[in-house]
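FYI, it's all coordinate maths here, none of it is from the lab. In this text the structure is predicted, and so the values were computed from the model without any measurement. Glycine gets a Cβ as well: all are built from the backbone with ideal geometry, and neighbour counts include every protein chain shown.
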Amino acid sequence: MNTNKNSLSILPFLIFTTLTQTLISLLPGMLFLRNSSRGPAILTYMVLYLLISDFFHLIGKSTYKKGSFISLPVYGVKLIISTILIFLIAQQTAYQFAVILVAYELFQLLIFSKQFFYIDSILYSLLNAFFKGIVFNQLLTINYPFDYQFSLIKPFIFSFVLILFITILTQGMYSFLKRHGWFLFLAASCLVFLYYLLISQFLAHETALWKLLIFVLCNLGAIYSFVKSKSPRTKEVVLNLFALVSLFIYYF
């Protein structure tokens, strides 16, 4: 009977975490949509694509923690759905978008691979934050014809570092190699850089004081809840909510 209750409790966690992860990946770009020529046209497909990807991403991390991996037929279904959505997105935009999303599929494939302890690596941290913090947001905000400049990354540095912070803390909870101390050190380093970034932007009059103060309060509340909670699922929910609120405050 206890096993059934535990199994049922997993479903709300999976749904909530999938939804928040998808929103975290797109929120900065959605707030920039007024500057986009094609963002609204692909938003629906992007949301569907990321919902599927984030759901399987979460399943992949959970099975990895137990030392097992998702079955090939199940992953094949995910791959078919993702391929269709990538095709629809490319139809609305350009082949470059498909290339970027195929690269993200390869990143996810490494998560499900039995040959690498990928979720325990810093490369996973950086790539996850890069795609979710920068790439997906730029897919929504890039203008046509393509005239890309690296300066366009600057608005999304905050989302990159913030997502890197929560990714690393989450990795510590899913670590199969038990590298909890290492991930805690990396997360603390990210947090220090986040404050450095915000304070520098405030001193340069690029960020309002109220945004900085609210971020500090949210951060303190999230850290307190994270430390006090004994449930890994609750910890992950706290991190996702903290990221979501922080992104909304910063980019609003």
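The figures follow:
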item	result
Reach of LYS178 by Cα under 16 Å, taken over aspartates and glutamates that are not fewer than 8 positions away in the same chain	ASP120
Helix runs (DSSP H) in the chain reaching 24 Å along axis by Cα, Kyte-Doolittle at least 1.6	72-92, 95-112, 157-174, 180-203
Gaussian network model of the chain, springs between alpha carbon atoms under 10 Å - residue of SER125, SER225, SER151 with greatest fluctuation	SER151
Charged-residue dipole, Cβ positions (Lys, Arg, Asp, Glu), segment 150-252 about Cα centre, Debye nearest 20	380 debye
Given LYS61/LYS230; LYS66/LYS235; LYS61/LYS154, the pairs whose alpha carbons are separated by over 22 Å	LYS61/LYS154
HN-Hα J in Hz across segment 131-137 - Karplus 6.51, -1.76, 1.60, θ = phi - 60°, x for Gly and Pro	5, 6, x, 10, 4, 5, 5
Length added when fully stretched, LYS66-LEU110, from 0.36 nm per residue minus Cα-Cα	14.2 nm
Aspartates and glutamates whose Cα lies under 15 Å from that of LYS132, excluding same-chain neighbours fewer than 8 positions away	ASP54, GLU105
Of every Cα-Cα pair in segment 116-252, the percent that sits beyond 20 Å	49 percent
ARG179 paired with ILE157, simple spin-label distance in nm, labels 7 Å along Cα-to-beta-carbon	2.6 nm
Cα-centred dipole magnitude for segment 100-219, charges only on beta-carbon of K, R (+1) and D, E (-1), debye, nearest 20	280 debye
Check: the chain dipole with +1 on Lys, Arg Cβ and -1 on Asp, Glu Cβ, in debye	720 debye
Listed peptides 99-107, 73-81, 159-167, 236-244 by packing density, highest first (mean Cβ within 10 Å)	159-167, 236-244, 99-107, 73-81
Environment charge of ASN128, counting only residues whose C-beta is closer than 15 Å and scoring Lys/Arg +1, Asp/Glu -1	-2
